[in-house]
Structure formats: C-alpha cells, structure tokens
1. Right, residue 86: at pLDDT 95 or above and more than 19 Å from the chain's Cα centre (by Cα) or not?
2. Would you mind finding the one in 174, 182, 165, 141 that is closer than 28 Å to residue 304 by Cβ and out of contact with any strand residue (DSSP E or B) (no Cβ under 7 Å at 6 or more places or on another chain)?
3. Taking the range 28-67 only, how many residues are buried (at least 20 other Cβ atoms within 10 Å of the Cβ), without any contact (Cβ under 8 Å) to a residue 40 or more places away in the chain and assigned by TED's automatic domain parsing to the domain that holds residue 263?
4. Could you check the range 136-152 and list, in sequence order, the residues that are in contact with a helix residue (DSSP H, G or I) (Cβ under 9 Å, 6 or more places away or on another chain) and assigned to a loop (DSSP other than H, G, I, E, B)?
5. For residues in the range 180-220 being assigned to a loop (DSSP other than H, G, I, E, B) and under 21 Å from the mean Cα position of the chain (by Cα), which is surrounded by the fewest Cβ atoms within 10 Å (Cβ to Cβ)?
6. Only one residue in 312, 289, 282 is touching a residue at least 12 places away in the same chain (Cβ under 8 Å), in the same structural domain as residue 73 (by TED's automatic domain parsing) and part of a helix (DSSP H, G or I), so which one is that?
7. Out of curiosity, is residue 266 under 18 Å from residue 181 (Cβ atoms) and within 18 Å of the chain's Cα centre (by Cα)?
8. Taking the stated definitions as given, is residue 114 surrounded by fewer than 19 Cβ atoms within 10 Å (Cβ to Cβ), more than 30 Å from residue 309 (Cβ to Cβ), at pLDDT 90 or above and not assigned by TED's automatic domain parsing to the domain that holds residue 241?
C-alpha cells in the first residue's frame, strides 16, 4: 500500500480498522476519498463526511445560518447567525441593492456604547479558521473585505460571553464522546509579566496569543491568578479537551443533543454546545467528524485519546456496514 497521508488521523485509523474488522479498504484522491467494501457492498467516506446522514441534513448542518434558523423555529436555543452574500453573488441571487447597509444595521443593533460586539466568520467554515472578533469599524471593514476575497458569503453573529463550551460526538441517539474545551490560559507567579508567562508555557505557539493581549502585555498576575489568553475554544487553536465525567451534566447534555439531532434529522454529527447565562445553546453542528486534534492530544491518567477516537470510528464503520 502507498504511504498514507500522515496529516490525517482518520486515514491511519481506518487502515488499522480494516484489518481488525475484516473489510477491504482503498484510498483514492491522495487519501481524501475512502472506499470500504464488505459483503459485496461498497461505502464511501469523502474527507470527513460519512455516508450516514442524508444529503439534506448534511447541508443544513454545514450552513450556520440554516442550522440556526431550523433550530430556532423549533424553539431550541442556538447562537444567532446572520448570512450576507459576497457582492459577486449578491446581484445574481438578491438583486443589486448590495449588503453593506444591512451589515451596518446588524452591527449597530449589537453595539455596546462605542464598541461593536460582533463575530465575523465563514458560513461554512470549520476549525476556528478565519474567525474575527469585531469591536470597531476598522475591524469590521477589514474582516468583511478579507472574507469576501475568499468566500461567497459570510456570517455575522453577536459576541456571546461563553461560560463553557462542550463538544459531543453523536451517533444514532448516543453520545460517543463528550468533552469540554478549556481555553489556553496562564497562571501568575507574582513577578513575571504576561509575555513571559505565555512564552514560557506555550513556547513558539504562544506568539499567536500575544495579539489577544494588546495593552496588557506588561501586566503581572498575582500568585495563582489565572487569565485566559484566547477567546477561541478550538482545539486546533490551542484549547485543551477535558473529558466530562459529571454524570448529571452528561445526562442533561445528552437530552439536549438528542433534541437537536431529532430536529435536524441528523444521525452522525459533532455538536458544539455553549453555556451562556447558565443555559445550553447550540454553537454549531458539524456533519464532518474531524477528531484529529483530539486524537493527537497527550493522554491523561484516565484516558487514551487516540483509542477513544479509534473507538468512535469503529462504531461509525459498524453502523455504516449495517445500513
């Protein structure tokens, strides 16, 4: 077999499972397409999309505004997302009225004193990429121009004060994995400033966090004082996965996630839940099951993250082969 794409954990795990579960496997298009053959049936995995969900459910999940609209209509808490088309597409679909006036109305509706409280992101993006926190007019113009140079549309959403964020990997009525996303942070020692604390803990990776600390770089934290150094909860952006062990919390999240899955008619999904004002809100729903950063995280004393990831994919393959 040709050398597998060493950047994708999914490829490595599926190759291992093919031997353990006795199915034939073939990787195509530089390992981006996986063909699974078993009992004279053929199944395909395209990127991180499995042939488990309907195409409609998959498209709704990928579309942040669509998912918000469907969930809200069904009285499920979800973080608001408002869609705006790139001007190249605007005239084709909605006429030539443009979208800037509507963008400004939306932003000003979420203004606090002199600061905007808005986040700008791709409507179909993942992994925390190209997400901008907007606090002023310059931020807004920069982000919108940047986004429209790359995407056909964008989403604006209010900036929420998120108390905690959880990710649930869901398959056919069951949460296979549930963890919280612990944002990057440093702990003060009473003498070193934030620059020193960040670079000591995160080394070269810490440089990217310094832009989040504008005006605070020389601050010295008290002994034991903790400070978050990023507003993003993405594992690929430095956050840490912490397995949820609290049974009551697991049960409440399981009930909430199942309601979401029922409304979206989705069977296999990665569902992000934010805690805002003590209430659960859907942040986004991903039909593409990407667990790469989680699998690469160093195992703690109780869990091996690679084996947990492998078990999820094992169950997904079993479901795929049975349907």
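The values are calculated or read from the model by the stated rules, or taken from the named source; none is laboratory data. What you see is a predicted model, and the numbers here were worked out from it, not measured in a lab. Neighbour counts are summed over all protein chains in view; Cβ atoms, including those assigned to glycine, are modelled from backbone coordinates with ideal geometry.
1. Values: at pLDDT 95 or above: no; more than 19 Å from the chain's Cα centre (by Cα): yes.
No.
2. Details: 182 fails: out of contact with any strand residue (DSSP E or B) (no Cβ under 7 Å at 6 or more places or on another chain); 165 fails: out of contact with any strand residue (DSSP E or B) (no Cβ under 7 Å at 6 or more places or on another chain); 141 fails: closer than 28 Å to residue 304 by Cβ.
Checking each option against the conditions leaves just 174.
3. Residues in the range 28-67 being buried (at least 20 other Cβ atoms within 10 Å of the Cβ), without any contact (Cβ under 8 Å) to a residue 40 or more places away in the chain and assigned by TED's automatic domain parsing to the domain that holds residue 263: 0 in total.
4. The answer is 152, and nothing else.
5. Our first condition is that a residue be assigned to a loop (DSSP other than H, G, I, E, B); within the range 180-220, this holds for 183-184, 188-192, 214-219.
Those still in the list that are under 21 Å from the mean Cα position of the chain (by Cα) too: 183-184.
On the way: 183: 18, 184: 22.
Top of the filtered list is 183.
6. The conditions single out 312.
7. Working: under 18 Å from residue 181 (Cβ atoms): no; within 18 Å of the chain's Cα centre (by Cα): yes.
Answer is no for this residue.
8. Against the criterion (surrounded by fewer than 19 Cβ atoms within 10 Å (Cβ to Cβ), more than 30 Å from residue 309 (Cβ to Cβ), at pLDDT 90 or above and not assigned by TED's automatic domain parsing to the domain that holds residue 241), residue 114 does not qualify.
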